[in-house]
Amino acid sequence: MTDGKSGDVVNIAARRPIRVLLLDDREENLILRSAILRQNGYEVVTSSSIEEAQQRLPQIDIAVLDYHLGAGKFGTDVAESLRRERPQVPIIILSATLERRFGGIADMHLLKGYSSVDDLLAALRHFEAKRRGKPVVIDARDFYYSRISMAMGDDAVLEILDAEGNWQFVNDYFAGLFDKKRQWFTGRNMFETFPELGEDWREIVRTVAETRETYIDRSFRGIPNLPRKNPRYIWNVLAFPLKLHDDRNGVALSARIIEKKTL
């Protein structure tokens, strides 16, 4: 027999608004984001300093932390405390650049200036459903494709892989370089398809996925080794971590042509 009172307690807890901590040193950002989140049914706790945010940690369900707070202070300081005290609480880091090396602290990174309010709300809904034990599938592939294309231009390649180098997604630009459809790549292994990449890139992909750190190739080696066509392309490559749609750790590789050489 079901205990009606216990059921009522569970239902009340399930209906309670999710409490989101917003940390940002700019008051205008706090006002705007908190207003939007409240309009969408969230309860918001705002903090403009690390010290204030630290005091709020016992009260929250999700943390949205600005990375750079000025004066040499960083939102990741709060994230580290939250991970120690309440490891189950999801953390979203907002950053102005993808070149930061965050380490394995945040559950999700959003790029300020390119990540819209809708992206933040989608991330919050994902974590909200997960917290309440509901099945949820988040397909972040199109999100990253569109954001990196905006950040790097129309000639940006985008590949999303798991830690072993199996393609989860490639964009049309990448597929077109090989005269194939995007779907041809899904599920195939990059290192088996392009063995000339060698063990160094295999290690880079695995390290970025496991440590959640960002890698930038400034040696102009390029990835991958494209078919021997004229002209050959030289790439600048960025590898950064992300959660795949099935919650495994993955890697996004974005690349842009910086030079064309005639053979």
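Where a number appears in this text, it was derived from the coordinates with a stated rule and is not lab data. Here the structure is a predicted model, which means the values were calculated and not measured. Glycine gets a Cβ as well: all are built from the backbone with ideal geometry, and neighbour counts include every protein chain shown.
Some points to look at:
- Scalar couplings 3J(HN,Hα) for segment 64-70, obtained by applying the Karplus form with A = 6.51, B = -1.76, C = 1.60 to θ = phi - 60°, are 10, 10, 5, 6, 9, 9, x Hz; x denotes Gly and Pro.
- FRET efficiency for Lys73 and Tyr173, using Cβ-Cβ distance with R0 set to 45 Å, rounded to 0.05: 0.70
- Taking label positions 7 Å along the Cα-Cβ direction at both Glu196 and Arg84, the computed distance is 5.0 nm, reported to one decimal.
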